[in-house]
1. What percent do you get for the relative contact order of region B:323-438 when only Cα pairs under 8 Å and 6+ apart count?
2. Starting from region B:198-274, pick out the trypsin sites (Lys or Arg not before Pro) whose DSSP state is loop and whose Cβ has at most 16 other Cβ atoms within 10 Å.
3. By a straight-distance test (C-alpha under 28 Å), which lysines pair with B:LYS201 as possible cross-link partners, with residues fewer than eight away in the same chain excluded?
4. Could you pull out every one of the lysines with an alpha carbon less than 17 Å from that of B:LYS225, ignoring same-chain neighbours closer than 8 positions?
5. Calculate one ³J(HN,Hα) per residue across region B:305-310 by plugging θ = phi - 60° into the Karplus curve 6.51 cos²θ - 1.76 cosθ + 1.60, and present them in order as whole Hz with x for glycine and proline.
6. Would you mind working out the magnitude of the charge dipole of region A:24-133 relative to its Cα centre, with +1 at each Lys and Arg C-beta and -1 at each Asp and Glu C-beta, to the nearest 20 Debye?
7. Sorted from largest to smallest, which semi-axis lengths in Å does the alpha carbon gyration tensor of chain B give for its equivalent ellipsoid, taking the root of 5 times each eigenvalue?
8. When only C-alpha pairs under 8 Å and at least 6 residues apart count, what is the relative contact order of region B:66-156, in percent?
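All of the numbers you see were taken from the coordinates with simple rules; none came from a lab. As the structure is a prediction and not an experimental result, all values here were calculated from the model. For neighbour counting, all protein chains shown are included, and Cβ atoms are generated from backbone atoms with ideal geometry for every residue, glycine included.
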Amino acid sequence: MATSKPSKRRAPPAVRRSAGPPVRLVQLRYLAHARSGDKGDTANVGLIALEPEFYPVLVKQVTRQRVARHFRGMAKAVERFELPNLNALNFLLHGALDGGGTISLKTDAQGKVYSTALLRMEIPVPADIARRVVKPR
Amino acid sequence: MTQRTVRVAAGQGFWGDWLEAPVRQVQGGPIDYLMLDYLAEVTMSIMQKQKSRDPKLGYARDFVPLMERILPDVAAKGIRVTSNAGGVNPRACAEAVREVARNLGLSRKVRIALVTGDDILPRLDQLLAGGHELQDMDTGRPLSTIRAQVLSANAYLGMAPIVEALRGGAHVVITGRVTDTGLTLGPLFHEFGWDRNDWDKVAAGTVAGHIIECGAQASGGNLLKGWRQVKGLANPGFPVVEARADGSFVVTKHPGTGGVVSVASVSEQLVYEMGDPHSYITPDGIADFTSIRLTQAGRDRVRVSGIKGRERTDKLKVSIAYFYGYKAVGTLVYSWPEAYDKARAADRILRQRLADLGLEYEQILTEFVGVDATHGPLSGPPAPDIPEVQLRIGVRARDKAPVERFTREIAPLVLTGPPSVTGFAGGRPEVQEVVAYWPALIDRTEIEPGVRVEILDP
């Protein structure tokens, strides 16, 4: 399976917590792919790990709360579901589509690019995984 | 011993999908069934409008010329077609297709069936009087609050009438509102003789249907992972399911077509428009998407197995469309230098003019294409030397007059607003009628006794 490797990336800053191995902040874009759609005024974003080994990190770090904070002002409420069989998480972003469907005035009335909006989010990732997805400076 | 397989091909993912796809599915490799979905959420309301003007209309008219193109191959190869192109007039659609078959000399070889009983608009008031509130599933509001604005009301039927039609010898099955998954489930249950109460088989067929119901979106279209490496999308291969009697199946596409069928492409389609993955509810049963196992089984072949399901509910979903109001969207393009500032200044001026005129709207929404139309505040500020920004502003109101007046406030900005503006040659934006979707539930005992399958005489 081909994985897209973006060409220019700075190594993200190391975030050292008081205990435990070093972690780095990495954008979800380098750890997962995604597809989004709509159910009424709700956008759903399916987030799929690019490699199976990344899935436990996604489960631990892409929490419902973090996603709700990421989409603050854009969604009224967020739900999260796990699909370990697909190395995926599913998020429901309620009230995100200005009424959705035919009612909505948005360019993205059907929520088709909430997928990439979620991939902008950064999460702390063990340094050894960060090194795999990001070229060192 | 080779296991028997049944091949179900997706002909299109929505009404308006690539016209060549169903033709290439029929001509590009062996298939047993071709399924075609024509009904989005509010499509029925458009069709009801057409039928009220002309009783011979009310179905997806594109379906007829498509049948004209593919019926010779369908007849020669023994392919069968399932589709919800019937809309609110399956009979008229079926008769139009029969006319095509007659003109092609195929009316004895291609038997056409229609399915009715999904349309509850004629007895809506009876149902409401009988205590069926048809509450909006999202808000809980009873339908009575908007009864006067209702334009169409159809229950989602499942696979049962399709199985009955196929059993009766039909080669083309034309339905009204049926779930997309039902169009795939019907053929599988008919061919394998599965028990309707075998919930794991129902779930397997449901998942197969979900994978192919959006056409090429499972086979390389709209694929985010590795999109640059996807080849040949000028000739996209729409997906084909090779189903087996044990409920497992392979997703593939015809050789020599573009796109890709991979664990990634199938996974992206599986999560599309998904709610709670444990409970994907259909009229025929409930599928657990967390039980699905995907394995790449060769180039452009993904095996799908292990699917589990649960008993169907006692309710059917009803799709109701109702008149909501009006909306319009206008756009103008502002160029460098200072494109974003000019576009924002224009937006402020336009909003001031609307307010000064005393015009009231339920919603005024401004987006700047090139800046924030896709990701909103997550995009951050644009580069200062951005070449151009499209101001896109939309309004929505219950009344037509303020929306109509808004459409006349776009062009004046060209001569009376900020400079370096273009992209207005399309003319005044049009006022659109907004028809909204009201999903509700009804006891299946109210619907199922009225479902009819009729096989037309040749």
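1. Relative contact order here is 48 percent.
2. B:LYS231
3. A:LYS39, B:LYS77, B:LYS253, B:LYS308, B:LYS315, B:LYS317
4. A:LYS5, A:LYS112
5. Taking θ as phi minus 60°, the curve returns 8, x, 6, 10, x, 10 Hz for region B:305-310.
6. Here the size comes out at about 280 debye.
7. Whole-Å semi-axes of the equivalent ellipsoid: 42, 28, 22.
8. 24 percent
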